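Visitor: There's a structure below that I have some questions on.
The values are calculated or read from the model by the stated rules, or taken from the named source; none is laboratory data. Since the structure is predicted, the reported quantities are computational estimates derived from the model, not experimental observations. When we count neighbours, we look across all protein chains shown, and the Cβ atoms used for this are built from the backbone with ideal geometry, even at glycine. Please note that ligands, DNA and RNA were not included when accessible areas were found on the heavy atoms of the full protein model with its side chains. Shrake-Rupley method; radii C 1.70, N 1.55, O 1.52, S 1.80 Å.
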Amino acid sequence: MNGRIIKINRIPVSVIVIIVTCILIYLYSSGEKPAAYSIFTNQNNVNVRKLLIGAIHAAQRGGLEIVEVAQSQDLKERSKGKTDEGANDPYTIADSRSHCVMKQGLLRIFPRITIISEEDKETCTESSTFDLDPTVLHETAKVTDELVSVHDITVWIDPLDATQEFTEKLYQYVTTMVCVAVKGNPIIGVIHNPFSGQTAWAWRDHSTSEYLESIRLSGSTTIEPTITVSRSHAGNAKDLIYAVFGEESNILAAAGAGYKVLQVVGNNATAYLHSTKIKKWDICAGDAILRTFGGKMTTLDNQIIDYGPNESPVNARGLLATMVNHELYIDKIVAYRQGTNVKSKQR
């Protein structure tokens, strides 16, 4: 007072930083981790158990959007153009609504993960989201908390597989799919049918859904070799099968990559073959499920498919998926294609 100025000594910011750092190091070394420390260290990690729950929720919520559109009978159908096989590639409002709720719902909970969806070109306004509810897992599911770097995760979404069949009301083929890949390897696959309400999911080396187990256990054990192919995007698959395996080969024409993979898992088909380009959001979930049971999915030149974020979303080299005897099938296909190429060059 009396005109005097009181000076306050300010502690340099650097000193404060050093003190806080020392406290954090002490607490960490003593086994105590404060909330602030956990937030800092976990911001680059994703809990895979929670991501599994989110993937299941996303597939089911997308399915609800599809059912609502089907019930309205106002599909707002238009064409994206022609596929490589020359078939119409339809698009409906159900594709868009499912995409928006699935992708936005996951990003709200996991904002830093990379998500690739078939309908990424669509603009999403406000759409319904969802919260994580662990009751989507059955009581005997063996899932634990595991952390994975967010930079290693890629999520693939197919918001409506078998759109053509959806427009034809062939709802048994329609699915929503979510796949989680870590460093390009598919570890979680979710395939959900909106109209039956059944969800097949698998987390490799951990657990599977009861529905998926029932498919696996109820399948035939003595089925004759039967190869499933696309009913609307077959390309030359049937000709390839007859040329490689004989004119008497059993062919099961079906729709939806997810549906066809489940036919293989359930042993209603011994193999799934696709001879032309196919997108990775169509096959990633099925690949994860097949691997869970010891099955295999490769290109037609026997290459494992990489689902990393920096790879092309298109698998341009065909597809073969089996539960058993993969090498037996693939060796015959490779030998036939190599022989065909040699003959073509000699002409």
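Visitor: Would you confirm whether or not the range 257-266 contains a residue that is open to solvent by 30 Å² or more (accessible area, probe 1.4 Å) and charged (D, E, K, R)?
Guide: No, the conditions are met nowhere in the range 257-266.
Visitor: Collect the residues in the range 57-90 that are farther than 19 Å from Phe195 by Cβ and either open to solvent by less than 10 Å² (accessible area, probe 1.4 Å) or of a type in the set (A, V, I, L, M) (or both), keeping them in residue-number order.
Guide: The answer is Ala87, and nothing else.
Visitor: Also, I was wondering about something else. Filter the range 106-125 down to residues that are farther than 26 Å from Ile278 by Cα and out of contact with any Cys (no Cβ under 9 Å at 6 or more places or on another chain) and give me whichever is surrounded by the fewest Cβ atoms within 10 Å (Cβ to Cβ).
Guide: This residue is Pro111.
Visitor: For the range 157-182, which residues satisfy the criterion of being of a type outside the set (A, V, I, L, M), surrounded by fewer than 24 Cβ atoms within 10 Å (Cβ to Cβ) and either out of contact with any strand residue (DSSP E or B) (no Cβ under 6 Å at 6 or more places or on another chain) or part of a strand (DSSP E or B) (or both)?
Guide: Glu165, Glu168, Lys169, Tyr171, Gln172, Tyr173
Visitor: Starting from the range 329-347, keep only residues that are in a loop (DSSP other than H, G, I, E, B), then list their pairs with residues that are modelled with pLDDT under 65 and of a type in the set (Lys, Arg) whose Cβ atoms are within a distance under 6 Å, requiring at least 6 positions of separation or different chains.
Guide: Note: no pairs meet the criteria.
Visitor: For the range 266-288, enumerate the residues that are over 17 Å from the mean Cα position of the chain (by Cα) and within 12 Å of Ile305 (Cα to Cα).
Guide: Once the filter is applied, which keeps residues that are over 17 Å from the mean Cα position of the chain (by Cα) and within 12 Å of Ile305 (Cα to Cα), the range 266-288 yields nothing.
Every residue, every condition in (1) of a type in the set (Ser, Thr, Tyr); (2) closer than 14 Å to Gln60 by Cβ, yes or no:
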| residue | (1), (2) |
| --- | --- |
| Ser98 | yes, yes |
| Leu106 | no, yes |
| Glu119 | no, no |
| Thr129 | yes, yes |
| Leu132 | no, yes |
| Thr144 | yes, no |
| Ile153 | no, no |
